[in-house]
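Input: a single structure, listed below in structure tokens.
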């Protein structure tokens, strides 16, 4: 049976990914058992926002850029792949791939849709930090 998740029922987090507002819409808390397990969320990055390098042991990730330009950094610092994505671009991150992202604009926010495949809640993705907290 189809389920409509209203905006007011969405689990919003400001702590899951510091500097990014994550609104998790489809997950086991809003839909129940997901077969196969996945999540879908909306991400809002303020101007100039950056995330810490991390990876997911339990999920692959897909992103779709809705607004703005987002730089995606993949791999360890000494062997990094850089992809600058803009509105309409898709990004795939395999399970276990170190990654981070940054809003390339200092004046405009960036927005994206994210999907974790392999887990039914973002907190089940096995997120593991690959670097310490960002310096301000």
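Worth a mention:
- Any hit, segment 30-39, residues being modelled with pLDDT under 95, in a loop (DSSP other than H, G, I, E, B) and on the phi > 0 side of the Ramachandran plot: yes
- Residue under evaluation residue 64, criteria (1) under 17 Å from residue 126 (Cα atoms); (2) at pLDDT 95 or above, criterion not met: (1)
- Members of segment 1-28 found to be modelled with pLDDT under 90, touching a helix residue (DSSP H, G or I) at 6+ places or on another chain (Cβ under 9 Å) and part of a helix (DSSP H, G or I), listed by number: 9
- Here residue 78 clears all of (1) surrounded by 14 or more Cβ atoms within 10 Å (Cβ to Cβ); (2) not in a strand (DSSP E or B) except the condition numbered (1).
- Given (1) farther than 17 Å from residue 127 by Cβ; (2) in contact with a strand residue (DSSP E or B) (Cβ under 6 Å, 6 or more places away or on another chain), number of the condition residue 1 does not satisfy: (2)
- Selected residue (criterion: surrounded by the fewest Cβ atoms within 10 Å (Cβ to Cβ)) from residues of segment 50-61 that are part of a loop (DSSP other than H, G, I, E, B) and at pLDDT 95 or above: 57
- Filter result for residue 113 (in contact with a strand residue (DSSP E or B) (Cβ under 7 Å, 6 or more places away or on another chain), assigned to a strand (DSSP E or B) and free of Cβ contacts under 8 Å to residues at least 40 places away in the same chain): no
The values are calculated or read from the model by the stated rules, or taken from the named source; none is laboratory data. Fair warning: this is a prediction, and the values are worked out from it, not measured in the lab. Here Cβ is always computed from backbone atoms with ideal geometry, including for glycine, and neighbour counts include all displayed protein chains.
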